[in-house]
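**Student:** Have a look at this one before I ask anything.
Just so you know, all these numbers are worked out from the coordinates, no wet-lab data involved. Keep in mind that this is a model prediction, so the values were computed, not measured. Glycine also receives a Cβ, built like all others from the backbone with ideal geometry; neighbour counts cover every protein chain displayed.
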Amino acid sequence: MSARSGVGWMMVAVFALAVSTRAGAAASGDPVPGAELTLASAIAIALARHPARLEEQSRVSAADERVGAARSGYLPQLLATAQYLRATDNGIGDTAYLAAPGIPRLPSNGRHDDSLSSTFDNYLAGVSAYQYLLDFGRQRGLVAQRNAEADLERARLALVELDLVYRVSKAYFDLVAAKELVAVYETAVAQRSEHLHGAQVKARAGLVSEIDAFTADSELARSQLNLVDARNAAAIAKVALDNAMGLGADAPDYRQAPPPAPPPPAEDLPAYLARALHQRPDLRMLEDEARAAGAEIAEYRSDRWPTLGATAGYTVRGHDDAAANNFDLGVVMSWPLFNGFLTDHQIGEARARQDAVRHGIEGLRQEIALQVQRAYFERQTSVQRIERADRARAASAAELDLATRRYEGGLGSILELADAQRRFTEDNADVVRAHAAAASAQAALARATADPRPRS
C-alpha cells in the first residue's frame, strides 16, 4: 500500500473477497512472525478462525438439519418389532381393563385357571408402515417455518461476518494509526533532544539563560511521556486486532503497510440508503422471523381439520409352536373436534408475534437510515478533516523551521521554539488521527450499507 488514496475501495473489495470465499482457504494464511499483514489477510483470518463466526456457522448447519427433519414427515414411516416372552397361560375370562406399558394382554381363555409354575413360549414379529396423506397445511407449514428459520440463521451469519469485517478493519486502522503516532513522538523526542543540547551549549557559553536549558529539558520529558503513552496504545491496539482476528494470545508480531486515504463517497445519500435497506442482513433476519410466524399460523389453522394417513402392517404371532400370520391395510383419520379453544389461542399468539416483528422491522428500517446518514456525513467530514490537518501541519512545519532559525540566530526565545515544536507535533498527530478516522468512517459506511462491492 502506498499513497493515501482509496482505502474505501480497498476495504470493500476485501470484504467482497472475504465474504464470497467464506474464508475457506484462510487457515493457511495465519500471520507469519515478522511478515506483513494486509487488511485482506486479516479479514480472511477472522472469517476462518473467529469463534463467533464458527458458532453461527454451526447454528446454520443445525437449522438446515431441522429443515430435513421437518421434510421427513412427507416420507413413509416404517417400524419393525420383535418380541419374545416366557409367560404363564392363566385365563382372565371376560375381564376388561386398559392396557398399560409393560403389562401384556393375557388370553381370555387360558390353559390353566391359576397356575404360576407352568410357563410357555410367546413370540411376535412384525412390520408396519404409515404414509402421510393430508393434514390441510400442518406439514407444509412446518417445513415453511423451518425454512424461514434456516434463512434467519443464514442472515445472522451474514451479520456476524459483516460485524467481523468492520471490527477487523477498524482495529487494523487503529493499529496503523497507533504505530504512526509512535513515530511522531519518536521524532518529537529526537527534535527536543537536539533543542536541549543546543540550549545547554548556549547556556554554558553564557549566550542564553539557564532557564532555556531547563525549559528544553521539561519539553523533552513531556515528549518522552507522550512516547510512553503512544507505545502503550500501540501495544493495546495490537492486542485488539489479534482479538478481532480470533488469534488470541498466540498471535505473532507482524508488520503493516499504511493504508491509503479514502476518496469521498462516490454516490449520493439516497443510493446508500436504498442499498442498505435492500442488503442489511439484520433486516432480512426480521423478515425471515415474520415468515416463520406466518408459517406457524398455517400449522395451527390445520388443527381445525382432520389428518389423513395410510397404514399397512404384517405380523407373525405365536404361542409355543403355533404361528399366526396377519396383515392389515387401511386409512386412518384423526380430527380434534374440540380442544378447549387451544387452536384459537395459538393462532392469536402467533399473529401477535408476527405483528411485533413487523413493528420491529419498521423500527430497524429507521435505525438503518440513521446509521447510514451518520456514517455518510462522518465520511464526508473526514475528508475535510484530512485537508485541514494537512494544511495545519504544513503551516506549523514552516513555523517550526522559522522558530528554530530564529533561536539559533539569537533572535527568538526558547518559549517560542517550544511552542512551535509543540504545535508541529500536535498537528502531525492530528494528521495521523484524521487519516485513521477517515478509514474507519469508510469502514462504518460499508458496515451500515452492507455493501461488499466497490463503487465508482
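**Student:** Let a ≥ b ≥ c be the square roots of the eigenvalues of the Cα gyration tensor of the range 131-274; is it rounded (a/c under 1.5), or, if not, prolate (a/b larger than b/c) or oblate?
**Tutor:** It comes out prolate by the Cα gyration axes.
**Student:** Enter the angle in degrees (range 0 to 90, nearest 10) between the Cα long axis of helix 39-49 and the first principal axis of the Cα atoms of the chain, meaning the one along which they spread out most.
**Tutor:** Approximately 30 degrees, to the nearest 10.
**Student:** A follow-up question, please. Helix 342-408 sits at what angle to the longest principal axis of the chain, using alpha carbons and giving 0 to 90 degrees rounded to 10?
**Tutor:** Once rounded, the angle reads 20 degrees.
**Student:** Further, regarding this structure: Please list the equivalent ellipsoid semi-axes of the range 192-285, computed as the square roots of five times the alpha-carbon gyration tensor eigenvalues, in descending order and whole angstrom.
**Tutor:** 51, 22, 11
**Student:** Here's a follow-up. Pairing the Cα long axis of helix 281-301 with the longest principal axis of the chain, what angle in degrees results, from 0 to 90 and rounded to the nearest 10?
**Tutor:** The two axes meet at around 10 degrees.
**Student:** Could you work out Rg/(2.2 N^0.38 Å) for the range 138-185, with Rg from alpha carbons only?
**Tutor:** 2.17
**Student:** Then there's this: Report, as a whole number in µm² per second, the diffusion coefficient that Stokes-Einstein gives for the range 249-355 at 10 °C and 1.306 mPa s using the Kirkwood radius over alpha carbon pairs.
**Tutor:** 73
**Student:** A further question follows. If packing is taken as the mean number of other Cβ atoms within 10 Å per residue, what is the order of 392-401, 293-302, highest first?
**Tutor:** Per-residue mean Cβ counts within 10 Å order the peptides as 293-302, 392-401.
**Student:** Continuing with the same structure: How long are the semi-axes of the equivalent ellipsoid of the chain, defined as square roots of 5 times the Cα gyration tensor eigenvalues? Whole Å, largest first.
**Tutor:** 79, 27, 18
**Student:** Here's another thing I want to ask about it. Rounded to the nearest 500 deg cm²/dmol, what is the calculated helix-only ellipticity per residue at 222 nm for the chain, with -39500 (n - 2.57) per DSSP H run of length n ≥ 4?
**Tutor:** -22500 deg cm²/dmol
**Student:** Within a Cβ distance under 12 Å of Ala298, other residues only, what is the Lys/Arg minus Asp/Glu net charge?
**Tutor:** Combined, the nearby Lys, Arg, Asp and Glu give +2.
**Student:** Along the charge dipole of the range 36-78, which of Val67, Ala44, Gln57 sits closest to the positive end, that is, farthest toward it, with unit charges on the beta carbon of Lys, Arg, Asp and Glu (+1, +1, -1, -1)?
**Tutor:** Towards the positive end, the residue furthest out is Val67.
**Student:** Of Leu273, Val176, Ala237, whose Cα points farthest to the positive end of the dipole of the range 162-318 (charges on the beta-carbon: +1 Lys, Arg; -1 Asp, Glu; origin at the Cα centre)?
**Tutor:** It is Leu273, whose Cα lies furthest towards the positive end.
**Student:** Assign unit charges at the C-beta atoms only (+1 for Lys and Arg, -1 for Asp and Glu), then state the dipole size of the chain relative to its Cα centre in Debye, rounded to the nearest 20.
**Tutor:** That gives a dipole near 1080 debye.
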